[in-house]
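A.B. asks: If you scroll down you'll find the structure; I have some questions about it.
The values are calculated or read from the model by the stated rules, or taken from the named source; none is laboratory data. Keep in mind the model is a prediction, meaning the values are calculated, not measured. Positions of Cβ are backbone-derived with ideal geometry, glycine not excepted, and every protein chain shown enters the neighbour counts.
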Amino acid sequence: MSEIRQVLDLRGAVHDLVVPGLPVETPDRRVIIQRALLDLVKSLDVARAQIEDFVSAFTDYAIATYETRLNKYKGQTLKVTGSLARAPDDVVVNADVVNPGNNNAQPIKVGFRVRKTADGRPIVTDIQVEGVWLALSERSDFTGFLQQHNGSLAALTQLLKAQTQQMRNSAA
């Protein structure tokens, strides 16, 4: 029961910190969708329902991805090492993930891109682990998938749903 509570607590934390930035409420998530899909979607006759289905699947996928990635660091300590202000409403917070039970282990370098919402609340819009930003990685993966599948938004939507289900089943 304790594990289920931890998963629900993590899901709640991810929902509170990340969901406000998905997928169209922040520039970062908009960029993922627009750059990876806009040209392909414009060239296709894609129904509005299909786009809405994709946005829903993408949002669920992004939440599950953040939950899965953050869950890997359960029990470890996050030590903030600095920050870089990119703009007044855009900061990258750098940190080390340290295993308190193993002093010899190298810390894992992470970064959190934090933006402010219109009402001034900070939200996490992207995560970087060892130099790789999740948003850029997703964009590249989605673009490659669409190129290999004749720009099929429906196929990408099905893939996202399947991957989301797989991540959620693994966490259960």
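A.B. asks: Looking only at segment 98-143, how many residues end up being surrounded by fewer than 17 Cβ atoms within 10 Å (Cβ to Cβ) and part of a strand (DSSP E or B)?
C.D. replies: Counting residues in segment 98-143 that are surrounded by fewer than 17 Cβ atoms within 10 Å (Cβ to Cβ) and part of a strand (DSSP E or B) gives 7.
A.B. asks: Please go through segment 65-97 and give me each residue that is surrounded by fewer than 16 Cβ atoms within 10 Å (Cβ to Cβ), hydroxyl-bearing (S, T, Y) and not in a strand (DSSP E or B), ordered by number.
C.D. replies: Y73, the sole residue that qualifies.
A.B. asks: Moving on. Right, T164: hydroxyl-bearing (S, T, Y), in contact with a strand residue (DSSP E or B) (Cβ under 6 Å, 6 or more places away or on another chain) and either part of a helix (DSSP H, G or I) or touching a residue at least 60 places away in the same chain (Cβ under 8 Å) (or both) or not?
C.D. replies: No; evaluated as a whole, the condition is false for this residue.
A.B. asks: What number of residues within segment 144-158 satisfy the criterion of being surrounded by fewer than 17 Cβ atoms within 10 Å (Cβ to Cβ) and under 19 Å from the mean Cα position of the chain (by Cα)?
C.D. replies: Of the residues in segment 144-158, 3 are surrounded by fewer than 17 Cβ atoms within 10 Å (Cβ to Cβ) and under 19 Å from the mean Cα position of the chain (by Cα).
A.B. asks: For segment 51-88, what are the residues that are at pLDDT below 85 and in contact with a Lys or Arg (Cβ under 7 Å, 6 or more places away or on another chain)?
C.D. replies: Scanning segment 51-88 gives a single hit, E67.
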